[in-house]
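Following: one structure in structure tokens, then a few remarks.
The values are calculated or read from the model by the stated rules, or taken from the named source; none is laboratory data. A quick note: this is a predicted structure, and the numbers were derived from the prediction, not measured. With ideal geometry, Cβ positions are generated from the backbone for all residues, glycine too; neighbour counts draw on all protein chains shown.
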Amino acid sequence: MLHILEHALEHTVVDVIGLLPFLFVTYLAMELMEHYASSRFNKIIENSGKWGPFLGAALGVMPQCGFSAAAASFFSARIVGVGTIIAVFLSTSDEMLPILLSESVPVTSIVEILSIKVVIACTSGYLASFVYQQFLQKKDREMDIHLVCEEEQCSCEEGILKSAIKHTVKIFIYIFIIAFLLNAVIEGVGEEALAQVCSNVPVAGQMVASLVGLIPNCASSVVITQLYLKGVISAGVMMSGLLVNAGIGSIVLFRLNQNVKQNVGILTTVYCFGVVWGILIDVLGIVF
């Protein structure tokens, strides 16, 4: 048991330590927006919403789940909309790119995988935004960064830098605890068990892979990527798992956004997109 906890702690430190600069920059930017944003600036943010899913998909594909954490924070403060956060979540793939590079996968194949993820994320983000506004008759609420301050119960009047540091420390501790618990569970269950779940259900491979991919832990993306490289699962099953693998973004979303129903709706939408796109990739016979 002690051995499992030691490994879990080691993996947790490796997983989340790189998030600190992303979190700090994110909350520093939010503090600057709150203190100095004018009505003109707010109007620019509102008008830039049409580019949100495109930019979210392009930035999310970078090999660092800090973007998904930043997107969740910005969404909680109403800086970005539903389409943007869904695009970021679908584009992010945690440890996929490092694994592909370490396994000497051809550059052309890596570019194809990343390009398809960006296209899928961007398309899905715009589609989700359209359905959200036109069919559900809902609008993204106006920017209100103070919502995050209320949730974190910080003293923003103490200064921008100090407040940003407080936000960073609080959310980092929360992420660290959740990530440690998840790592401990995965260490106890074993990555082999995750591999069997993804590979032994051929009929519902995309659905199972997407469920595994939802686990906010780098182990899920590592297992899914390695299974594809070994020829155990198809390209569609791999893509289903990696499309929903938003890293710790979902943890931050549930921590900061008080609308639990909306959070569940976002993750459900991401899951459905992952399954559908994965099935479509296999139907079209796409391989990388």
Of all the residues that make up region 92-117, how many are in contact (Cβ under 8 Å) with a residue 12 or more places away in the chain and under 20 Å from residue 218 (Cα atoms)?
-> 15
Could you list all residues from region 238-247 that are touching a Phe, Trp or Tyr at 6+ places or on another chain (Cβ under 8 Å) and either surrounded by fewer than 19 Cβ atoms within 10 Å (Cβ to Cβ) or at pLDDT below 90 (or both)?
-> 246
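Between 139, 162, which is farther than 30 Å from residue 3 by Cα, at pLDDT below 75 and either more than 20 Å from the chain's Cα centre (by Cα) or buried (at least 17 other Cβ atoms within 10 Å of the Cβ) (or both)?
Working: 162 fails: at pLDDT below 75.
The unique qualifying residue is 139.
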With respect to residue 258, is the statement that it is buried (at least 24 other Cβ atoms within 10 Å of the Cβ), over 22 Å from residue 102 (Cβ atoms) and in contact with an Asp or Glu (Cβ under 9 Å, 6 or more places away or on another chain) true?
-> no
Where residues in region 248-280 are touching a Leu at 6+ places or on another chain (Cβ under 9 Å) and part of a loop (DSSP other than H, G, I, E, B), which of them is modelled with the lowest pLDDT?
-> 248
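Are there any helices (runs of 4 or more DSSP H) wholly within region 52-99 with 1 or more residues that are surrounded by fewer than 24 Cβ atoms within 10 Å (Cβ to Cβ) and at pLDDT below 85, and if so which?
Values: elements: 52-60, 66-76, 82-91.
Because the criterion is at least 1 residues that are surrounded by fewer than 24 Cβ atoms within 10 Å (Cβ to Cβ) and at pLDDT below 85, the helices (runs of 4 or more DSSP H) in region 52-99 that meet it are 52-60, 66-76.
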Scan region 188-217 for residues that are modelled with pLDDT under 70, part of a helix (DSSP H, G or I) and not β-branched (Val, Ile, Thr) and jot them down.
-> 188, 191, 192, 193, 194, 195, 196, 198, 199
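Which of the residues that make up region 100-111 are of a type outside the set (Gly, Ala, Ser) and not in a helix (DSSP H, G or I)? Talk me through it step by step, then tell me what you get.
Keep residues of region 100-111 that are of a type outside the set (Gly, Ala, Ser), which gives 100-101, 103, 105-108, 110-111.
Passing the criteria: 103, 105, 106.
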Which residue out of 115, 73, 124, 104 is at positive phi and either of a type outside the set (A, V, I, L, M) or out of contact with any Asp or Glu (no Cβ under 6 Å at 6 or more places or on another chain) (or both)?
-> 104
Would you pick out the residues in region 9-43 that are buried (at least 20 other Cβ atoms within 10 Å of the Cβ) and either at pLDDT 70 or above or under 17 Å from residue 170 (Cβ atoms) (or both)?
-> 11, 12, 16, 19, 23, 26, 27, 30, 31
